[in-house]
Each structure stands twice: as structure tokens, then as C-alpha cells.
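Below you'll find the structure, written out as C-alpha cells, and then a few comments.
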Amino acid sequence: MVSHANRVQLGQDADVTRLFLGCGTIDIFTGGRTAAQLIADRLTIASYFPNAKVFDGTITPATSSTDSWSAAN
């Protein structure tokens, strides 16, 4: 979607009955979003689809290694 107006129109036109919104530690720590911002984002997204039931979930944190995890052994 290119613009807010397009998103609103999609929400009004689409027959969306369920939304799943996933949030993880990356959204806060890497993405720089605060808890208040994430809640506001969720409310905004849900408002585009007023007839949908919204489900919230979490995403397992991602990790990385510079030595193929050999130090963990």
C-alpha cells in the first residue's frame, strides 16, 4: 500500500474477518519501537479492518553468531 488512504480503502473493501499481529523483541530492541508505539501501531492496523477479530502473538527472538556457535559448545 502506497498511502494511508489506500490502506483505509482496503480495510473497508476487503472481507477480512481475522487478523494475526505478531510482535517480537526485534520490534523493540532493533526496530527502536517503544511499547506505547507498538500498542498504537496495533490499534491503527486493527482500525483498517473494523469487522475483523484481532489475534496478537509473539515472535520467537532471533539470534546470530559470528563463530557458528562454536563458543557455545
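Quick notes on this one:
- Residue tally, condition aliphatic (A, V, I, L, M) and either touching a Phe, Trp or Tyr at 6+ places or on another chain (Cβ under 9 Å) or under 11 Å from LYS53 (Cβ atoms) (or both), over the stretch 13-34: 4
- For the stretch 1-31, the set of residues classified as farther than 17 Å from SER47 by Cα and loosely packed, with under 10 Cβ neighbours inside 10 Å consists of VAL2 only.
- Taken over the stretch 1-28, the residue count meeting the criterion of being without any contact (Cβ under 8 Å) to a residue 24 or more places away in the chain and of a type in the set (A, V, I, L, M, F, W, C) is 4.
- Count of residues meeting criterion [part of a strand (DSSP E or B) and among the acidic types (Asp, Glu)] in the stretch 1-31: 0
- Restricting the stretch 32-73 to residues that are among the aliphatic types (A, V, I, L, M), surrounded by 11 or more Cβ atoms within 10 Å (Cβ to Cβ) and outside any helix (DSSP H, G or I) leaves a set whose member that is modelled with the highest pLDDT is VAL54.
The values are calculated or read from the model by the stated rules, or taken from the named source; none is laboratory data. The model shown is predicted, which means the values in this text are computed figures rather than measured ones. We place every Cβ from the backbone using ideal geometry, glycine too, and count neighbours over all the protein chains shown.
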